[in-house]
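**Student:** Below is one structure. I have some questions about it.
Nothing in this text is a laboratory measurement; each read-out follows from the coordinates by a stated rule. Not measured: the values here are computed from a predicted model. Here the Cβ positions follow ideal geometry from the backbone for every residue, glycine too, while neighbour counts run over all protein chains shown.
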Amino acid sequence: GDKVKQSPSALSLQEGTNSALRCNFSIAATTVQWFLQNPRGSLINLFYLVPGTKENGRLKSTFNSKESYSTLHIRDAQLEDSGTYFCAAEAAGNTRKLIFGLGTTLQVQP
Amino acid sequence: EAAVTQSPRNKVAVTGGKVTLSCNQTNNHNNMYWYRQDTGHGLRLIHYSYGAGSTEKGDIPDGYKASRPSQENFSLILELATPSQTSVYFCASGDRGSAETLYFGSGTRLTVL
């Protein structure tokens, strides 16, 4: 968790609102992935990012390698968005190994 | 959709016993990984493989062995299980050719008594 720091550690949202999760890196990250672990424990890949921005439905993620951070924006939060969000970074020169953050646990309330 | 299947889903073992966790992927991915997930530590890499016949040490390999007999199968072996190895274990696969998006199995909950 030291090399990849996620914030906040926990978050509660009302349905229909927006929020942003953040990852800060103390390593030189070349790529970033975001995962959602749902309440059943399954890990689902949300985004694979090189520096830049990707969007998928109500989710949008940005990776800024120069400033060593990534964000995940959730728009119009729904109950099924609840779970734990993990970011993971691949370090420069350390290919094919991901370093995970400790996660942000999101609860969406009706 | 990538398919990664782990077995068993749950396992109870005794201290000193041998445990084998199995993982199968049907997507012809070159790379496979074993992680464990613990509260306060997130996901940590135990072993990984670049293809059949290859295994590499991850960040926490002590007490674990791995075996990749084929492209599809990757096993994690605990020769002498200890209570500190009680955890949830995840297998994942990925293919560099497709930008290495990782696909995870559903996890194995291991309890060592």
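**Student:** Work out the charge dipole of chain B with +1 on the Cβ of Lys and Arg and -1 on the Cβ of Asp and Glu about the Cα centre, then indicate which of B:Cys91, B:Val12, B:Ser22 is farthest towards its positive end.
**Tutor:** Positive-end residue among those listed: B:Val12.
**Student:** Roughly what percent of Cα-Cα pairs across the protein assembly as shown reach past 20 Å?
**Tutor:** The share of Cα pairs beyond 20 Å in the protein assembly as shown comes to 58 percent.
**Student:** Just to confirm the filter: which trypsin sites (Lys or Arg not before Pro) across segment A:23-110 are DSSP coil and have at most 12 other Cβ within 10 angstrom of their Cβ?
**Tutor:** A:Arg40, A:Lys66
**Student:** Give me the one-decimal nm value for the distance between modelled label points at A:Gln107 and A:Ala10, 7 Å along each residue's Cα-to-Cβ direction.
**Tutor:** Result: 0.7 nm between the two label points.
**Student:** Between beta-carbons, use under 15 Å as the cut-off and find the net charge around B:Thr82, counting Lys and Arg +1, Asp and Glu -1.
**Tutor:** Around B:Thr82, the surrounding residues sum to +1.
**Student:** Take the alpha-carbon centre of segment A:61-110, take the same for segment B:34-113, and report the distance between them in whole Å.
**Tutor:** Using only Cα atoms, the two centres lie 21 Å from each other.
**Student:** Just to confirm a number: summing +1 for Lys and Arg and -1 for Asp and Glu over residues other than A:Leu36 whose beta-carbon lies under 12 angstrom from that of A:Leu36, what do you get?
**Tutor:** Surrounding charge for A:Leu36 is -1.
**Student:** Once you have the Cα-Cα distance between B:Asn73 and B:Arg109, take 0.36 nm times their residue separation minus that, and quote the gain in nm to one decimal.
**Tutor:** Result: 11.1 nm gained on full extension.
**Student:** Then there is this: Mind checking B:43-51 for the average number of partner chain beta-carbons within 10 Å of each residue's beta-carbon?
**Tutor:** Mean inter-chain Cβ contacts per residue within 10 Å come to 3.
**Student:** Beyond a 32 Å Cα-Cα separation, which of these cross-linked pairs lie in this structure: A:Lys54/A:Lys97; A:Lys54/B:Lys11; A:Lys60/B:Lys11; A:Lys5/A:Lys54; A:Lys60/B:Lys65?
**Tutor:** Among A:Lys54/A:Lys97; A:Lys54/B:Lys11; A:Lys60/B:Lys11; A:Lys5/A:Lys54; A:Lys60/B:Lys65, the Cα-Cα distance tops 32 Å for A:Lys54/B:Lys11; A:Lys60/B:Lys11; A:Lys60/B:Lys65.
**Student:** Another question, if that's okay. Sum up the charges of everything whose Cβ sits under 11 Å from the Cβ of A:Ala20, counting Lys and Arg as +1 and Asp and Glu as -1, but leave A:Ala20 out.
**Tutor:** +3
**Student:** While we're looking at this one, here's another question. So which GluC sites (Glu not before Pro) in segment A:28-110 are both in a DSSP loop and have at most 10 other Cβ atoms within 10 Å of their Cβ?
**Tutor:** A:Glu67
**Student:** Would you please put B:78-86, B:41-49 in order of how densely packed they are, using the mean number of other Cβ atoms within 10 angstrom per residue and starting with the highest?
**Tutor:** The peptides rank, most packed first, as B:41-49, B:78-86.
**Student:** Report the one residue of A:Gly93, A:Thr105, A:Thr17 whose Cα lies farthest in the direction of the positive end of the charge dipole of chain A (charges on C-beta: Lys and Arg +1, Asp and Glu -1; origin at the Cα centre).
**Tutor:** Final value for the positive-end residue is A:Gly93.
**Student:** How large is the Kirkwood hydrodynamic radius of segment A:4-109, counting all unique pairs of alpha carbons, in Å?
**Tutor:** For segment A:4-109, the Kirkwood estimate is 13.7 Å.
**Student:** Here's a follow-up. In debye, nearest 20: dipole of the protein assembly as shown around its Cα centre with unit charges on the Cβ of K, R (+) and D, E (-)?
**Tutor:** 260 debye
**Student:** Modelled label-to-label distance, A:His73 and B:Lys65, 7 Å Cα→beta-carbon offset: nm?
**Tutor:** Here the modelled spin labels are 5.1 nm apart.
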